[in-house]
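What follows draws every value from the coordinates through simple rules; no lab data is involved. Remember, predicted model here, so these are calculated numbers, not experimental data. Virtual Cβ from ideal backbone geometry, glycine too; neighbours counted across all protein chains shown.
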Amino acid sequence: MKILVPMKQVPDLVEELEIDSSGKRLNRDFLKFKLNEFDEHALEEALLLKEQHGGEVVVVTLDMAEADNLLFTAIAKGADKIFKIPGNCDEGIDCHSAAQMFATAAKSIGFDLILTGVQAADDRDGQVGMLLAAFLGLPHVSVVTGLSLEGASAIVHKEYAGGVMAEFEVVLPAVFGIQAARHTPRYAPVSKVRQAWKTSKIETVDGGTVPASNGSVVNRMFKPESGKRAELIEGSPDDVAGKIVDLLKSRGLL
């Protein structure tokens, strides 16, 4: 069983985010990046399947900021091979183009199963998994919260709105968008990441020419504008009730 896990780094939302001079994207000069949370769950699920059924876990990422650290962290967690897709992606790339490049790379690497994160903090549409499946002509299930293998098929649990759960039997190969792994993603100690830098090798794989953007277009990006301060109404319950009624009347709501 060869499980391929496409991963990416995303801006750390704990940091202060600044908009660049174009007003259409984040200023990446001083951004700090972290592993996309949902991709960590996809990797964890892949490692659990490997521990249960054997095989290998292969991680692939686009050549973006701190891509090497992402890949060596994946090795420290238990991945077997790591690949980087070269290309000018430092300013970000839309889901459609990323999926096309991952699909080209996946054909070269080979796989029996592909696990992606269900979305990323910097995505506007979260379509990488399903577009990747479409480019490869494979079945796809997203928002997966449970996954097991039975012979040449996978049993997946998908979550719908309102907490409704569904179970699907899917013939492999397939692409699954992981919402949550069965276990909390494992921690990679700094010492193991440093060891991976020394002992592991990043391979490159062709993802084709970076396609022209064909996803949604950002016309303007801005920080939320501050509104008026909240008005605190004090007094006894009767006084507060009366003031609320007067306020609603004055604004034409009663």
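Summing -39500 (n - 2.57) over the DSSP H runs of n ≥ 4 in the chain and dividing by its residue number, what mean residue ellipticity at 222 nm do you reach, to the nearest 500 deg cm²/dmol?
-9500 deg cm²/dmol
Cα centroids of region 102-168 and region 1-65: how far apart, whole angstrom?
Value for the Cα centre distance between the two parts: 16 Å.
Sort Met101, Met221 so the one with the fewest other Cβ atoms within 10 Å of its own Cβ comes first.
Met221, Met101
Ala152 label point, 7 Å along Cα→Cβ, cut-off 15 Å on backbone N: hits in region 107-135?
Residues 112-113 fall inside that zone.
What list of ³J(HN,Hα) couplings, whole Hz, do you get for region 241-254 from phi and the Karplus terms 6.51, -1.76, 1.60, once you set θ to phi - 60° and write x for glycine and proline?
Result, ordered by residue: 4, x, 5, 5, 4, 4, 5, 5, 5, 5, 9, x, 9, 10 Hz.
Distances over 28 Å make up what percent of all Cα-Cα pairs in region 2-204?
Value for region 2-204 (Cα pairs over 28 Å): 24 percent.
Based on C-alpha coordinates, I'd like the Rg and Dmax of region 1-117, in Å.
Rg, Dmax (Cα atoms, Å): 14.9, 51.
Just to be sure I understand: of the beta bridges DSSP finds with both ends in the chain, what percent are antiparallel, rounded to 5?
Beta bridges within the chain, antiparallel portion: roughly 45 percent.
Regarding region 127-207, what's the average projected area of the Cα-atom convex hull, expressed in nm²?
Reported value for the Cα convex hull: 8.0 nm².
Would you mind ranking His140, His53 by Cβ crowding within 10 Å, fewest neighbours first?
Sorted ascending by nearby Cβ count, the order is His53, His140.
Give the average over all directions of the projected area of the C-alpha convex hull of region 83-181, one decimal, in nm².
With the hull built on Cα positions only, its mean projection is 6.9 nm².
Considering the chain as a Gaussian network with a 10 Å cut-off on Cα pairs, which listed residue, Gly55, Gly151, Gly23, attains the greatest mean-square fluctuation?
Among Gly55, Gly151, Gly23, the largest GNM mean-square fluctuation belongs to Gly151.
Percent relative contact order of region 130-213, based on C-alpha pairs within less than 8 angstrom and at least six residues apart?
26 percent
Take every Cα pair under 8 Å in region 2-204 that's 6+ residues apart, average their separations, divide by the length, and report that relative contact order as a whole percent.
Relative contact order of region 2-204: 25 percent.
What residue among Arg182, Arg25, Arg220 shows peak mean-square fluctuation when the chain is described by a Gaussian network model with Cα springs under 10 Å?
Maximum fluctuation in the GNM of the chain, among the listed residues, is at Arg220.
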